[in-house]
Each structure stands twice: as C-alpha cells, then as structure tokens.
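The values are calculated or read from the model by the stated rules, or taken from the named source; none is laboratory data. Because the structure is predicted, anything quoted here is derived from the model rather than measured. Cβ sites come from the backbone with ideal geometry, for glycine too, and all protein chains shown count toward neighbours. The area values use the complete protein model at the heavy-atom level, side chains included, leaving out ligands, DNA and RNA. Shrake-Rupley method; radii C 1.70, N 1.55, O 1.52, S 1.80 Å.
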Amino acid sequence: MKKSLTHFIRLLNFEFERMYKFLVGIMAVVVVSNLIGFIYVPLSYMSYARETMASESLSIAQFLSTYSPFSLNNVLGSLWVFGPLALGIIGFMFFAIFTWYREWFGKNTFVYRLLMLPISRMYIYYAKILTVFLGIFSLLTLQYIMIWIGQFISRSLISSEFYTHVSLADAFDSNQILQLLLPSLTELFFTFYLLGFLFILVLYTAILLERSYQLRGFLMGLTFGIFSLLLIMSPHLLPTIFRNYYILFPSEQLLATVLLSIFVGIVSIGLSRYLLKHKITI
C-alpha cells in the first residue's frame, strides 16, 4: 500500500510538473490583469466624476444622488477581473483534453511508456484528474487573494466621499460569476465542485471511449456525455416536463442531483477502469 502510494505521488508530481508552465502563465495573466483593473477602474471613476461635476456644475452630493458611489463591485464586474479568470477555467478544460491526447500524438507516443509502468493504470487516470483540479483550485485561490489585495488598492485611489464599503462576502454574492466559482454557502460549494469533478470524469471516460473504439467510440462518448447530463439535470427538468413545480422541494432537488452525480461518477470510473484494463493495449 505504501509503495503504491509512493508511485502515485510520483506520478502526480510528474503530471503537475508538465502542467506547471501552463499554470504559471495563466496565473501571470490573472495577476497582471487584476492589478490593472484595481488601478484603472477606480482612476477612471474618479476622472469621470471630476469631469461630470465640472461640466454639469454638480456638488459631490448631487453627483452621488445621480450616479452610484464606487465600491468593490465596480472592479469585480469588469473584464479585468472575471475575463482572465474565465479564460483560465476554459484553458484548464482544454488542458484536461490535451493532457490525454498529447500522450498519443506526441513525438514518441508517450502513452505506451505510461501504460508499461508497474502500477495500476487507474493511477494515471486519477493523477490526471487530480492535476487538473489542483490547477483550477490554485487559480481560484490566487484570484481570491488578488481580490482581497485589490480592495485595498482600489480604496486608496478613491476619495472617501465617493467610496462605499462592500464586504468580500457581499461582493461575491452580488457577482454571479464569482458566486458560481466561489460560492459562500458550503452546500453550494461542494455541489458545484462535485459537478465540476464529475464533468472531468465524464469527459475522460468519453476520451477513453474514443481512444478505444475510434469513430464509434467518439459517438459512444458523446452519447454517454449527453445521457449523463440529462440524468443529473432530471430533478430540475421534471417540474417543467410535468408542469408541476411542487414535485420536489429545492432541498430534495439538491439531494437528488448529488446522488445522481455520485452514481454517474461511479459509472464513469468503472467504465474508464474497464477501458484502460481491457481495451487500451500497448
């Protein structure tokens, strides 16, 4: 057991090192873009406020009665913050696909060397999944830190008369994208990331189906993905289908979604295990 765990950690470290440059590049974009946003947006607001008050002969009170005061939401709602974050998440989705296909289409078809390692082939599967999740969580952690730092930067550039304090929790709750990626409620947090983890499981199963059966496998993988999506969404689709919005309470919908997600995840892992063991050969 200890030896197997050591092999898995080495494999995980190997996969993380292969992702390292991509992760650092995405993080650099997030840091630079966030810093620009937390400086540019408040300075633009102050410039606009001064020009408007001068051209319309308004006092500060008159300006604030017509225009909203500045808050952290002004920056979080700009492309400078959620733009690179969305780009990073999308980038990791493509990386999740790339991390498998580069093994087959690289110069030396590296997948054959991986499959010959004296360890369970599922370790390769788990290492790739965990690497992607570590990358996404690292990116989200960095984004949270940048928002925490950025609130002090933007506050220092805005005159106190024009600034309205908004806590980080309130700012996140009023921003739909951040509420989705960094939900404040524990139940929603685990549900969203369970669905994200499940998405990668289903995606990897679809990739292994394509690698095992080529074109027929691609169609099988697409069908499996659509079926999994419909099954997980069924608790939320049933009220619309039967035109009865009291079939399930919200808490029951959430519980059904979690249970169905776990079921799809187990099926995905089982099918991937079968494909790696019996269909993908050296």
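Between 0 and 90 degrees, the angle of helix 79-105 with respect to the longest Cα principal axis of the chain falls at about 10 degrees.
Among the chymotrypsin sites (Phe, Trp or Tyr not before Pro) within segment 211-258, those in coil by DSSP and having at most 15 neighbouring Cβ atoms inside 10 Å are 245, 246.
Of the chymotrypsin sites (Phe, Trp or Tyr not before Pro) found in segment 60-157, the ones in coil according to DSSP and having at most 15 other Cβ atoms within 10 Å of their Cβ are 67, 110.
How many percent of the accessible area of the chain is carbon or sulfur, using a 1.4 Å probe?
Answer for the chain: carbon and sulfur cover 70 percent of the accessible area.
So, counting K/R as plus one and D/E as minus one, what does the shell of residues with Cβ under 15 Å around residue 96 add up to? Net local charge, residue 96 excluded: +1.
The modelled label-to-label distance between residue 31 and residue 161, using points 7 Å beyond Cα along the C-beta direction, is 3.8 nm. Residue-wise HN-Hα couplings along segment 248-259, as the Karplus relation 6.51 cos²θ - 1.76 cosθ + 1.60 with θ = phi - 60° gives them from phi, are 10, 6, x, 5, 6, 4, 5, 5, 5, 5, 5, 5 Hz; Gly and Pro carry x. Against the main long axis of the alpha-carbon atoms of the chain, helix 2-56 sits at an angle near 20°.
Given R0 = 22 Å, the distance between the Cβ atoms of residue 152 and residue 176 translates into a calculated FRET efficiency of 0.35.
In debye to the nearest 20, how big a dipole does the chain give about its Cα centre with +1 on each Lys and Arg Cβ and -1 on each Asp and Glu Cβ?
Its charge dipole is roughly 1720 debye.
3J(HN,Hα) along segment 159-172, derived from phi through the Karplus expression 6.51 cos²θ - 1.76 cosθ + 1.60 where θ = phi - 60°, amounts to 4, 4, 5, 9, 9, 10, 6, 10, 5, 4, 4, 5, 5, 5 Hz, with x in place of Gly and Pro.
For segment 213-219, 3J(HN,Hα) computed residue by residue from phi via the Karplus equation (6.51, -1.76, 1.60; θ = phi - 60°) reads 10, 6, 4, 4, x, 4, 5 Hz, glycine and proline entered as x. Solvent exposure of segment 1-115, expressed per residue, is 57 Å² of accessible area, with all protein chains present and a 1.4 angstrom probe. Taking all protein chains as shown and a probe of 1.4 angstrom, residue 277 keeps an accessible surface of around 140 Å². Using the Cβ-Cβ distance between residue 266 and residue 101 with R0 set to 35 Å, the FRET efficiency works out to roughly 0.90.
At a probe radius of 1.4 angstrom, the accessible area of segment 141-282 per residue rounds to 60 square angstrom.
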